[in-house]
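Read through the structure below, which is laid out as structure tokens, and then see the notes.
Nothing in this text is a laboratory measurement; each read-out follows from the coordinates by a stated rule. Every value quoted in this text rests on a predicted model; they were computed, and no experiment measured them. As a convention, Cβ positions derive from the backbone with ideal geometry for all residues, glycine included, and neighbour counts pool all protein chains shown.
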Amino acid sequence: MSPMRHVTLVAIRDFRERITSRAFQVSTGLTLLLVAAFILLPSILGGDDGQTWTVGTVGSPPPQLKPAIELAAADPDTVVEISEFDDVAQIEQALRDREIDAGYTQGAIYSIGQDSPDELLALLIAVGGTLELADRAASLGLSQSEVDELLRQNLEVIELSDEPADSGAGDEGSTGNRTFAFFGVIFLFISIVTYGQWILIGVIEEKSSRVVEVVLGAVRPHHLLAGKVLGIGVLGLGQLIVVGLVALALIQQSSTFTLPSAAATAAIAVVVWFLLGFAFYATAYAATGSLVSRQEEAQNAAFPLTMVLMAGYFIASFSFTGDNPALRIASLVPATAPMTMPLRMAAGDAALWEIVLSFSLMVVVTWLLIRFAGRVYAGGLLRSAGRIKIRDAWRSAEG
């Protein structure tokens, strides 16, 4: 049987074993529920957040008053309710009783200190003043077209970018792009740690139960390592894609979130660096698992790897507001690049040569790690006398 066939069979075995496990199914379901809750709850809970203003008037107000205020309000969901009173005294009493937010009569606007919204008062002044101006112009004999011309705004609204003209950053450096990429980094971090621990524990279980002795009778150690990493890696990538597609679909249906301009760049960066980061850390977790014989030793053995991953994650977290030297250096170091380079790529802060250099270093170092870890893995699998030193596992492995 060819080596590739051996690797494929091991990968299929680990893939099937994990995808049918209750732990994987529960974790996937919980992840999807958390993503859905994060995206949909703000719009559900905030669905009735549109402000409602109550304006008191003496008799029926001008028919244009209510729609004009609603149209000009900053919140598009603003609703204006009109309460009609017989005289000004009733309006004043209703304001004191906090039954209305403001009062409007021809020539006057009534408020009650800070309980009357400033935006409502400003809109009443603007809209009420315009209506009265139109009434006075009509009373002077001006035609409707002349009134419209008088009231028409001839000022051109010019919207400027908040970025300097020569910065070149454009929209790629916006907070929305960074936020989108950062959520991808969070999920990437959780996925690498979770699946890396699965590989670690799986190796220890096979070693402690002597199953590995049977498997190694038909498969070479480095083929077993490659198949295990491939099988669980494909499973992790599948979960990442499913969660990502569900999140994108929910965002499209949500009125709370909008996809930033760099969403595609961020998604591609997260997938690519998940593959590279998982290959790097999964190989290291597997080699680490071959050096211990009991489940109780798993966490201590994996602690250095987890700390390195957390270092990259914390650098990305503390660099959320912008690029900095620590983030740039970490994005070029293979051990921390999976946590930091996606953030820089989505924000548009990484130069092309930095992306190429980081990618190349990650591939080369991962290949060297696979070579090194493969021998350590081979030397440590069949030794069950407590925790084994890397040096002893290296020496006991076959050429």
- Message: Take ALA126 and ALA351, extend 7 Å from each Cα along the Cα→Cβ direction, and tell me the distance between the two endpoints in nm.
- Response: 4.7
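Any idea what diffusion coefficient region 224-338 gets from Stokes-Einstein, in µm²/s, Kirkwood Rh on alpha carbon pairs, 37 °C, 0.692 mPa s? Provide the component values of the computation, followed by the final result.
Values: Rh = 16.4 Å.
Roughly 200 µm²/s, to the nearest whole number.
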- For LYS389, the lysines lying under 29 Å Cα to Cα, once residues fewer than eight places off in the same chain are dropped, come out as LYS207, LYS228
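Multiplying the sequence separation of ASP77 and ARG391 by 0.36 nm and subtracting their Cα-Cα distance, what value in nm do you get? Present the calculation step by step, with values, prior to reporting the outcome.
Working: separation 314, 0.36 × 314 = 113.04 nm, distance 6.79 nm.
Additional length available on full extension: 106.3 nm.
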- Note on the structure: Here the equivalent ellipsoid of region 1-42, derived from its Cα gyration tensor, has semi-axes (largest first, whole Å) of 35, 11, 4
- For the residue pair ASP87 and ARG22, what label-to-label distance in nm results when each label sits 7 Å from Cα along the Cα-to-beta-carbon direction? 7.7
- Message: Going by Cα centres, region 238-253 and region 81-142 are how many Å apart?
- Response: 49
